[in-house]
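Single-structure report; data block below.
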Amino acid sequence: MTLRSLLLLSAAGLLQAAPVLAQDGVETELDEVIVTGSQVRQAPAYEGGQVATGGRVGMFGSQDVMDTPFTMTSYTGELARNQQARSVADVLQNDPAVRVSKGFGNFQELYVIRGFPVFSDDMTYNGLYGVLPRQFVASELVERVEVFHGATAFLNGAAPGGSGVGGAFNLTPKRAGDAPLNRLTLGWDGGDALYAAGDFSRRFDDDAWGVRLNVAARDGEGVVDREQRELQVLGLGLDRRGDRARFSADLGWQNHHIDAARPSVTPSGAVPAPPAADGNFAQPWTFTDEEQLFGVARGKFDLTDDVTVWAAFGGRSGQEANVLANPTAAADGTLSAYRFDNAREDTVWSGDLGVRADLTTGAVGHRLVASASQVQLKSANAYAFSSFAGFPSDLYNPVAVAPPAADFFVGGDLNAPLITERSIASSVALADQLSLVDGRVLVTVGARYQEIETRSYDYNTGALLPGHYEGDALTPALAVVYKPSDRISVYANYAEALIPGKTAPGVINGVIVENDGEVLDPFRGEQVEAGVKYDGGSVGATLNAFRITLPGEYFDETTRIYSAGGEQRNQGVEVSVYGQPVEGLRLLGGLTLMDAEVTRTPDVDLRGKAPIGVPEVQANLNVEWDVPAVGGLTLEGRAVHTGTQQVDGLNTVELDAWTRFDAGVRYAFEAGGRPLTLRARVENLADEDQWVAVGGYPGSNYLTLGAPRTVRVSISADF
């Protein structure tokens, strides 16, 4: 079904919607779904509805923020809907510890937390790694975006894609609430880009079974010149509530295509002045195409009142094809680029099972947890480059060229790529959460034993390459929470990150890698964190300090060898605030201060320098105000600030600090007895032209241009 057809059907639904009752002009929302004791239960929303009171804490399941010895924030579907979020990245723009960049040489949404990247396919979906779409995750597929700060190898296991040192993200699927839901939304994203979505749910059999269906489509050229996007999304969720047994199953499909996607730019020296934010220096023949089918099933059963077992299984089948030309830029804006084609086919299987038992020994309560998990990846890849001599263009006056032949440096068959990578990450974890002093002291101790096997294969013959890795590691954790009152929670933790051995790529910055395909040993990062949380009932806040160290890889352009040999240390302070201090006024934001340093590297000139792309300051503030004089009218404003970032390893080139202002308005009202909500939002209100991110892949310094002033308008109806 085309987007135009979906728009017509949605419009008909808006006109024919049956009337329902609305109170005070407020949009009808789903009731909160809470299954007591469930491994996948949703915590209630906090005052104001923008964040939740808790979220998933790895193998421990859902926990209250005040009981968790780590920093976490769970952003709600209500926030995403009100901000007209298109993807997970749009939701994460609200987090002061997170910044959004692009992947290395592609258009993957990449999230940087505490100065370390998290790839989109390294997020968990309902607790499972590896099953989410690569590159981009549409917001219609998820109910909440749970942000976990810090190392999580103990709680979740090692992220299979090799990221997740500074934090983790769990996306929770949408569930049917107690009340039936029929919601249709029509929208405009600027230019001729249109949007339509439907969200439907029902419960059956005395509310024991629930079904929720989401469909969405986007199509058209938006505010960036010549950048044409198409997106189709389908999400289906099934759940069963029972006294002893709980079950859920989710199936998702996402088809995402972009023509002439504006690429990142790698500076060859000084940073060129940013071009017009709505300009596009992409070659017209470039594109990215991605189709992903994925699903997860999870079940839980209470053997007794104190002993519970769970199991989950999921998978993903994905296909990608790209024709790219990411340029290098001189200080005056002169561009040089070459063509890069690639194809990728992934098959991923992921599983998790465990048992949890609550018991008491004397005055000490225990929650004992044992968990086992495994992620298997099989990836087929092929690539083809045109001559590295490249072709010229200009950042400010782009020149379209005929697509050069991609026959200079070729690996595999783009039409039938061979298996080039297989990996298996298995782990077993044991933990005890001790409750002392009438629950005012909570101590978590545990460890996860992990085995990682990574093999790479020749692109052209499929033969196993030397240097494959098989090894194991033990990642312990120790954490404590002390609650001197019901409103204060003091916590501290020691945790570790484990990064699977990275595979040497074929080319880095236009230089052919001599040991292409060699797999490095895993890297182990260490984290120490301490903080205090406050819950005043209507306002919550967190203050913490952290320190993370991580070994890293190093590429010597003289020998052309990709190897281990570095270490980065990121330390800093985070402050966050959320809630509704007075009726009708909501706050969400915070501040992150970071001090990052390269502490060890074979290149003595880089020691003691700040790593590329880690700002010293990040700050966010989002304010919503319900206008008292006009029922249903809400005004919103947001400021996002990012400090200076280093563009090269020697710290001789620096990216300027930048600030972005957004504004929005929504109006909930009734028309003909039908509740409707109009939303309008402007991002980059001042229409600033600015580079907003540097890199995101270790050692790379590509620049991401911020979006221009973007106006989004939508209308939703529940019936």
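The values are calculated or read from the model by the stated rules, or taken from the named source; none is laboratory data. Remember, predicted model here, so these are calculated numbers, not experimental data. Because the Cβ atoms are built from the backbone with ideal geometry, glycine has one as well, and the counts that use them run over all protein chains shown. When the accessible area is computed, the model is the full protein with side chains, heavy atoms only, and any ligands, DNA or RNA have been set aside. Shrake-Rupley method; radii C 1.70, N 1.55, O 1.52, S 1.80 Å.
Return a yes/no flag: does region 198-207 have any residue that is touching a residue at least 60 places away in the same chain (Cβ under 8 Å), within 25 Å of the chain's Cα centre (by Cα) and open to solvent by 10 Å² or more (accessible area, probe 1.4 Å). Walk me through how you get there before you give the answer.
Let us first name the residues in region 198-207 that are touching a residue at least 60 places away in the same chain (Cβ under 8 Å), namely 198, 201.
Still in the list and also within 25 Å of the chain's Cα centre (by Cα): 198.
Filter once more, keeping what is open to solvent by 10 Å² or more (accessible area, probe 1.4 Å): none.
No, region 198-207 contains no residue that is touching a residue at least 60 places away in the same chain (Cβ under 8 Å), within 25 Å of the chain's Cα centre (by Cα) and open to solvent by 10 Å² or more (accessible area, probe 1.4 Å).
Residues in region 161-202 that are small (Gly, Ala, Ser) and touching a helix residue (DSSP H, G or I) at 6+ places or on another chain (Cβ under 7 Å): 161, 163, 164, 168, 196, 197, 198. I'd like the full set of residues that are open to solvent by 70 Å² or more (accessible area, probe 1.4 Å) and either of a type in the set (Phe, Trp, Tyr) or touching a His at 6+ places or on another chain (Cβ under 8 Å) (or both), limited to region 665-690. Answer for region 665-690, where residues must be open to solvent by 70 Å² or more (accessible area, probe 1.4 Å) and either of a type in the set (Phe, Trp, Tyr) or touching a His at 6+ places or on another chain (Cβ under 8 Å) (or both): just 667. Inside region 86-106, residues that are of a type in the set (A, V, I, L, M), at pLDDT 95 or above and open to solvent by 10 Å² or more (accessible area, probe 1.4 Å) make up a count of 0.
Every residue, every condition in (1) buried (at least 20 other Cβ atoms within 10 Å of the Cβ); (2) at pLDDT below 95; (3) hydroxyl-bearing (Ser, Thr, Tyr); (4) under 17 Å from residue 85 (Cα atoms), yes or no:
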| residue | (1), (2), (3), (4) |
| --- | --- |
| 176 | yes, no, no, no |
| 179 | no, yes, no, no |
| 224 | yes, no, no, no |
| 236 | no, no, no, no |
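Identify the residue in region 709-719 that is open to solvent by 30 Å² or more (accessible area, probe 1.4 Å) and assigned to a strand (DSSP E or B) and, among all such residues, is farthest from residue 329 (Cα to Cα). Result: 715. Taking strands (runs of 3 or more DSSP E) as the structural unit, those lying wholly within region 546-628 and holding at least 2 residues that are touching a residue at least 12 places away in the same chain (Cβ under 8 Å), under 30 Å from residue 513 (Cα atoms) and of a type outside the set (A, V, I, L, M) correspond to 561-582, 585-600. Go through the residues of region 569-577 one by one and say whether even a single one is within 26 Å of the chain's Cα centre (by Cα), open to solvent by 50 Å² or more (accessible area, probe 1.4 Å) and either aliphatic (A, V, I, L, M) or on the phi > 0 side of the Ramachandran plot (or both). Yes; the residues of region 569-577 include at least one that is within 26 Å of the chain's Cα centre (by Cα), open to solvent by 50 Å² or more (accessible area, probe 1.4 Å) and either aliphatic (A, V, I, L, M) or on the phi > 0 side of the Ramachandran plot (or both).
Of the strands (runs of 3 or more DSSP E) lying entirely inside region 386-481, those containing at least 1 residues that are open to solvent by 50 Å² or more (accessible area, probe 1.4 Å) and modelled with pLDDT under 95 are 418-436, 441-456. In this structure, does residue 269 turn out to be farther than 30 Å from residue 173 by Cβ, at pLDDT below 95 and among the small types (Gly, Ala, Ser)? Taking the combined requirement at face value, the residue satisfies it. Of all residues in region 182-193, those satisfying the criterion of being modelled with pLDDT of 95 or more and open to solvent by less than 40 Å² (accessible area, probe 1.4 Å) are 182, 183, 184, 185, 186, 187, 193.
It is to be established whether one or more residues within region 548-556 are aliphatic (A, V, I, L, M) and under 28 Å from the mean Cα position of the chain (by Cα). Yes.
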